[in-house]
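See below for the structure under consideration.
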Amino acid sequence: MADLVSRAVPGVQGLTPYMPGKPVEELERELGIDNIIKLASNENPLGPSPAARDAAAAALGDLGRYPDGNGYALRERLATRHGIDPARIVLGNGSNDVLEMVARAFLCSGRNAVFSEYAFAVYPLASQAVGAELRVAPAQALDSPMPLGHDLDALLAQVDKHTGVLFIANPNNPTGTWLKPADMQRFLQDVPADVIVVLDEAYYEYMAPEKRGDSRGMLDQYENLIVTRTFSKVHGLAALRIGYGLTSPTVADLLNRVRQPFNTNSLAMTAAIAALDDEAHVARAVALNNEGMAFMQAGLDRLGLGVLPSEANFLAIDFGRPAQPIFDALLHKGVILRPLASYAMPNYLRATIGTSVENQRCLDAMAQVLDQAA
Ligand SMILES: *Cc1c(COP(=O)(O)O)cnc(C)c1O
């Protein structure tokens, strides 16, 4: 028999597939239980704006047609929102798609991608698949003010003349940690102008306004900067797969060369426009998250559990011992969290902030599980 594995390109041979949060239906099948809550994938517990759902439903009548491959309407809407030329917007099938385009356009064997320890798993996946070397910068120490957060100096120290792309998540997933706007400004000044910097802002809307950086302003200063945003998180449209990147006209043109002609679908684009228009829904989601975040932090503190600082819609919880048995025990109580062993954080589970009912159930289940283990 032919050894087909050895025929895969070298980068792909070494890959381990991305591990998504466990779907509710899968747990139902496996354990035969119902009333399951999933707090594993940082989705909006409110789902999308009703207007976005209606818009997607209305678009069902036209499924026989290809979508607008240029995404004209959504790009126009985003251009107005961000005060940017539509030629500087690249739409993606989720913002993951934009990350993949960046890797395809700027990385290959002989180049390297730089990112932090504990950074979002898609950065190494996308980079390694195209043959690039992975350069991982050590994160901030556990006893620092931003434990396990990105260390911008350490990232810079990894950059050399072969660096194609620097990936940064702000806030980062799975840690929830964030960067100070002034530090980010300084950092961009120091990065060589021919290195592409991806600033992944999937959780931007959840950040306290005073902690947010001026990524829009920085885009006009740095041609090598790409800011990515998504409709999967605060807009509650994860199932439809729609996100985008904002960058310079030059970089946008390069990304469009590798973009699949019809990478974003008509349901997603029309729903995204309606989601952008429903600012009240976003405000509700953020308020619910703020409330739930405070509730969970207080509850976890009472259980004697530490958490990493978070400006996102989830918490990385430190159990102080291997968390896999706790994850399994929680599954049996119908609560799905996210193990972080694949991020070299085996003592942590990541919990998405849910509705108040879900948060209470999560804390109750944890209390029972920790009690049984004691
Ligand atoms: C969820 C997430 C994304 C968004 O992924 P989509 O493909 O847009 O669904 C991007 N970056 C980070 C850090 C995330 O956590």
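The values are calculated or read from the model by the stated rules, or taken from the named source; none is laboratory data. The structure displayed is predicted, hence computed values, not measured ones. Reconstructed Cβ throughout: ideal geometry from the backbone, glycine too, with neighbour counts over all protein chains shown. Ligands, DNA and RNA are stripped out before the accessible areas are found, and what is left, the full protein with its side chains, is counted by its heavy atoms. Shrake-Rupley method; radii C 1.70, N 1.55, O 1.52, S 1.80 Å.
Report yes if residue 130 is more than 13 Å from the ligand (Cβ to nearest atom) and open to solvent by 10 Å² or more (accessible area, probe 1.4 Å), otherwise no. It is true that residue 130 is more than 13 Å from the ligand (Cβ to nearest atom) and open to solvent by 10 Å² or more (accessible area, probe 1.4 Å). Taking each residue of segment 94-111 that is touching a residue at least 24 places away in the same chain (Cβ under 8 Å) and looking for partners that are part of a loop (DSSP other than H, G, I, E, B) and polar (S, T, N, Q) with beta-carbon atoms closer than 7 Å, six or more apart or interchain, yields 94/232; 97/263. So, of the residues in segment 245-268 that are under 19 Å from the mean Cα position of the chain (by Cα) and not in a loop (DSSP other than H, G, I, E, B), which turns out to be nearest to residue 86 (Cα to Cα)? This residue is 246. Report whether or not residue 169 is within 19 Å of residue 103 (Cβ to Cβ) and in contact with a strand residue (DSSP E or B) (Cβ under 8 Å, 6 or more places away or on another chain). The answer is yes for residue 169. No other residue among 73, 56 is buried (at least 17 other Cβ atoms within 10 Å of the Cβ) and either part of a helix (DSSP H, G or I) or at pLDDT below 95 (or both) apart from 56.
Taken over segment 275-327, the criterion of being within 16 Å of residue 235 (Cβ to Cβ) and in contact with an Asp or Glu (Cβ under 7 Å, 6 or more places away or on another chain) is satisfied by 282, 286. Entry remark, segment 194-228: residues being touching a helix residue (DSSP H, G or I) at 6+ places or on another chain (Cβ under 9 Å), within 13 Å of the ligand (Cβ to nearest atom) and open to solvent by less than 20 Å² (accessible area, probe 1.4 Å) number 9 in total.
Among the residues of segment 97-122, the ones that are part of a loop (DSSP other than H, G, I, E, B) and either surrounded by 24 or more Cβ atoms within 10 Å (Cβ to Cβ) or aliphatic (A, V, I, L, M) (or both) come to 4 in all. Taken as a whole, the structure leaves residue 60 outside the set of residues that are within 27 Å of residue 121 (Cβ to Cβ) and among the aliphatic types (A, V, I, L, M).
Here residue 84 meets each of (1) in a loop (DSSP other than H, G, I, E, B); (2) closer than 30 Å to residue 291 by Cα; (3) open to solvent by less than 20 Å² (accessible area, probe 1.4 Å) with one exception, condition (2). A count restricted to segment 349-363 and to residues that are within 17 Å of residue 327 (Cβ to Cβ) and either among the basic types (Lys, Arg) or free of Cβ contacts under 8 Å to residues at least 60 places away in the same chain (or both) stands at 3. Within segment 262-302, if we keep just the residues that are farther than 30 Å from residue 317 by Cα, in contact with a Ser or Thr (Cβ under 7 Å, 6 or more places away or on another chain) and among the small types (Gly, Ala, Ser), the residue that is surrounded by the most Cβ atoms within 10 Å (Cβ to Cβ) turns out to be 275.
The residue that is nearest to the ligand (Cβ to nearest atom), among those in segment 166-190 that are of a type in the set (A, V, I, L, M, F, W, C) and not in a loop (DSSP other than H, G, I, E, B), is 169.
Condition check for residue 19 on (1) exposed (fewer than 11 other Cβ atoms within 10 Å of the Cβ); (2) aliphatic (A, V, I, L, M); (3) in a loop (DSSP other than H, G, I, E, B): one failure, at (1).
Considering each residue of segment 351-371 in turn, none proves to be closer than 20 Å to residue 146 by Cα, assigned to a loop (DSSP other than H, G, I, E, B) and modelled with pLDDT of 95 or more.
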